[in-house]
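Peer 1: Structure below; questions to follow.
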Amino acid sequence: MKKLLLHIGTGKTGSTTIQEAMAMLRDNGDLQGLSYPKIANNKHHNRLCTLVMPHERIRRDIKTKYPEENGTYKEFVERVECLFHESAHESDNLVLSGEFFCGYTTDEIKKFKELLIGSGFNDIKVLLYFRDPCSLYLSQIQQRIKASSRFSNPYKYQFDYPGLYKRWRDEFDDVTVRHFDRSVLIGNDVVDDFLSVANDYFGTSLGKPANLMPTNESLTVAGMLVQHDYRKNFYGDADNVMHSDSNRLVKQINKAEKELDYSNKPALRPELKRQIRANNENGVKWVRETLGIDLGLNEKSETKSTKRFRHNLLDIIEVKDEDLRAKELIMLSIVRKLLRKRKTQ
């Protein structure tokens, strides 16, 4: 019997750290007979989306590199498919992880299932994590502004918890949902929690790598303001498109934040929290009653807003004077480093 643990996210629930941990275990030879394949030199397996999705729906980083569905792109897809089949053929116990999987449509899930079963896996466990809609929305914004100046309207924001679960449950018998909340995760850590599920499923005793570091750092309030201004002023018409200078800017912002000893984490404005809770009340209730997971939004939230949405971060997150001052200092720090670097060249 060939067994497969399919971790599908959702997004912003520690997937990158889980993937880093699994890659480290693989590279250190500590997977205890499991296989965690390296596909297209990535620690995740989101590239597999190209095998089931039409070109217009693939991940933004892939589409940025392959903007057209031409021969070069088709060669890339063929290479991904070949690498997957090689990994599937060599292992009876496989782990795949990709937070982009949770965005598959019903038809794409069916195609993905055919791909997995066609590779010989007849025991498949699907694992996903849910987090509360307010923190999820904020995390999605932080990720979104790395490649866009526009983001979801909070007054209309809904996360389809029931639909996501049902799409996968309709195709797979074993679908497990875990609550992404430090207070309820095993070991108060998402990697420990994930490995506990994997160990129960495969009968292994995997442990978290001792030198594992947190990945995919979140921006501070000031960092978000700097990044959003940059995208808005230089790539205002390029939504959901990755640019190398934007990625470098995120790294420079992270360095400047540490040098300034500034760490103010963003928080949604109170009225937006109430609105998002109201928008997601039915979905959160379904999760609690059907899956037994309490996402922590039990209070009644009644609010309807007709406020115009301007894609302005100042309307979304709480910003204090110290955050605006930190924004200036971060920009000055980055400029100073660029000038010094230029002077030495």
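Peer 1: Among THR64, PHE76, VAL95, whose Cα projects farthest towards the positive end of the dipole of region 58-116, with charges put on the beta-carbon of Lys, Arg (+1) and Asp, Glu (-1)?
Peer 2: My answer, from the dipole projection, is THR64.
Peer 1: Continuing with the same structure: Arrange the following residues from fewest to most other Cβ atoms within 10 Å of their Cβ: ILE334, ILE124. Write down the numbers at each step before the final one.
Peer 2: Working: ILE334 17, ILE124 20.
Ascending number of Cβ neighbours within 10 Å: ILE334, ILE124.
Peer 1: Next question. Could you state the principal axis extents of the C-alpha atoms in region 39-123, from the largest down, to the nearest angstrom?
Peer 2: For region 39-123, the Cα spread along each principal axis is 35, 26, 21 Å.
Peer 1: Same structure again: As a check on your grasp of the helix formula, calculate [θ] at 222 nm for the chain: sum -39500 (n - 2.57) over DSSP H runs of n ≥ 4, divide by the residue count, round to the nearest 500. Don't skip to the answer; put the middle values down first.
Peer 2: On the way: 12 runs with 156 residues, N = 345.
Only helices count here, giving -14500 deg cm²/dmol.
Peer 1: In the chain, if the dipole is taken from +1 on Lys/Arg beta carbons and -1 on Asp/Glu beta carbons about the Cα centre, which of MET53, VAL197, GLY292 is farthest to the positive end?
Peer 2: MET53
Peer 1: Once you wrap a convex hull around the alpha carbon atoms of the chain, what is its projected area averaged over all directions, in nm²? Walk me through the numbers before you get to the answer.
Peer 2: Details: hull surface 78.8 nm².
Taking the Cα atoms of the chain, their convex hull projects to 19.7 nm² on average.
Peer 1: Report, to the nearest 10°, how far helix 133-144 tilts away from the longest principal axis of the Cα atoms in the chain, using its own Cα long axis and a range of 0 to 90°.
Peer 2: On a 0 to 90 degree scale, this one is about 80.
Peer 1: Please rank SER263, SER139, fewest neighbouring Cβ atoms within 10 Å first, as an exposure proxy. Walk me through the numbers on the way to the answer.
Peer 2: Numbers: SER263 12, SER139 17.
Fewest to most other Cβ atoms nearby, the residues stand as SER263, SER139.
Peer 1: Taking all pairs of different Cα atoms in region 224-281, averaging 1/r and flipping that mean, what Kirkwood radius in angstroms comes out? Write out the running numbers ahead of the final one.
Peer 2: On the way: mean 1/r = 0.0723 Å⁻¹.
Across region 224-281, the inverse of the average 1/r is 13.8 Å.
Peer 1: Taking GluC sites (Glu not before Pro) that fall in a DSSP loop and have at most 12 other Cβ atoms within 10 Å as cut points, what is the longest piece of the chain between them?
Peer 2: 69-298
Peer 1: Hey, got the Cα dimensions of region 158-267 along the principal axes, in Å, largest first?
Peer 2: Rounded to whole Å, the extents work out to 50, 36, 27 Å.
Peer 1: Lys/Arg Cβ at +1, Asp/Glu Cβ at -1, dipole of region 111-256 taken about the Cα centre: which of PRO133, SER244, TYR230 is farthest positive-ward?
Peer 2: So the residue furthest toward the plus end is TYR230.
Peer 1: Next question, about the same structure. Please report the relative contact order for the chain, taking Cα pairs under 8 Å with a sequence separation of at least 6, and give it as a percent rounded to a whole number.
Peer 2: Details: 456 pairs, mean separation 78.3, N = 345.
Reported as a whole number, the value is 23 percent.
Peer 1: As a footprinting exposure proxy, order ARG47, ARG59, ARG336 by other Cβ within 10 Å, with the fewest listed first. Walk me through the numbers before you get to the answer.
Peer 2: Values: ARG47 24, ARG59 20, ARG336 11.
Result, fewest neighbours first: ARG336, ARG59, ARG47.
Peer 1: Follow-up. Rounding to the nearest 20 debye, state how big the charge dipole of the chain is about its Cα centre with +1 on each Lys and Arg Cβ and -1 on each Asp and Glu Cβ. Could you put the intermediate results ahead of the total?
Peer 2: Values: 56 positive and 49 negative charges, 306 e Å.
Here the size comes out at about 1480 debye.
None of the figures in this text is laboratory data; all of them are computed from the coordinates on show. Fair warning: this is a prediction, and the values are worked out from it, not measured in the lab. Every residue, glycine among them, receives a Cβ derived from its backbone with ideal geometry; neighbour counts consider all protein chains shown.
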